[in-house]
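**Student:** Dropping the structure in here first, questions after.
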Amino acid sequence: MTRSATIALVLTGVTLTVGATACGGESSSANDQTTTEAAATESVTTSEAGGSASGTLKGETGPGFTIEVSQDGKDAETVKAGTYTLEVEDKSAMHNFHLIGPGVDQEVTDVPFVGEKSVTVTLQKGTYTYQCDPHAASGMKGTFTVT
Ligand SMILES: [Cu+2]
């Protein structure tokens, strides 16, 4: 009995010490730091997205030997730099949709794929080429300029 009583006291002491430490300044300051960092990261991300143009681009490949990228229903020729949702509609198992340009080299849909896929792309100033790889040499490609 004496031995288990001692163990119980020791355990209680350890628990109290840990509890006191956790409730002390260390814990709350750690929480404050975490909150501050998270808030900072969020605001940076938001201001970057808000500061540049952003929106949606639509890509279409197939069903014939045609490929295009449009913005607001018009053929995309000039697009502002920023982060975009690129929605690609692949209408044929013969074609793919591949976007190549500064910082981007992405095959959004592969050749056998048919259907829709959405990806996020960050466009920088320069010229981007979208193409169907198997048929790019026969003209199944286009470009747009990012300003
Ligand atoms: Cu093709």
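Throughout, read-outs are computed from the coordinates displayed, never taken from laboratory work. Source: prediction; values computed, not measured. Glycine also receives a Cβ, built like all others from the backbone with ideal geometry; neighbour counts cover every protein chain displayed.
**Student:** Local charge sum around Gly55 (other residues, Cβ-Cβ under 12 Å, Lys/Arg +1, Asp/Glu -1)?
**Tutor:** Local charge sum for Gly55: 0.
**Student:** Once phi is turned into θ = phi - 60°, what whole-Hz ³J(HN,Hα) does the Karplus curve with 6.51, -1.76 and 1.60 give for every residue of the range 113-121, x standing for Gly and Pro?
**Tutor:** Going residue by residue, I get 5, 10, x, 10, 9, 10, 9, 9, 10 Hz, with x marking Gly and Pro.
**Student:** What residues have an amide H closer than 5 Å to that of Leu86, excluding those fewer than 5 places away on the same chain, when H is modeled at 1.01 Å from N in the peptide plane?
**Tutor:** Close amide H contacts, sequence-distant or interchain: Leu57, Val119, Thr120, Val121.
**Student:** Apply the Karplus parameterisation 6.51 cos²θ - 1.76 cosθ + 1.60, with θ equal to phi minus 60°, to every residue of the range 55-60 and state each ³J(HN,Hα) to the nearest whole Hz, in sequence, with x for glycine and proline.
**Tutor:** So the J values, rounded to whole Hz, are x, 10, 10, 10, x, 9.
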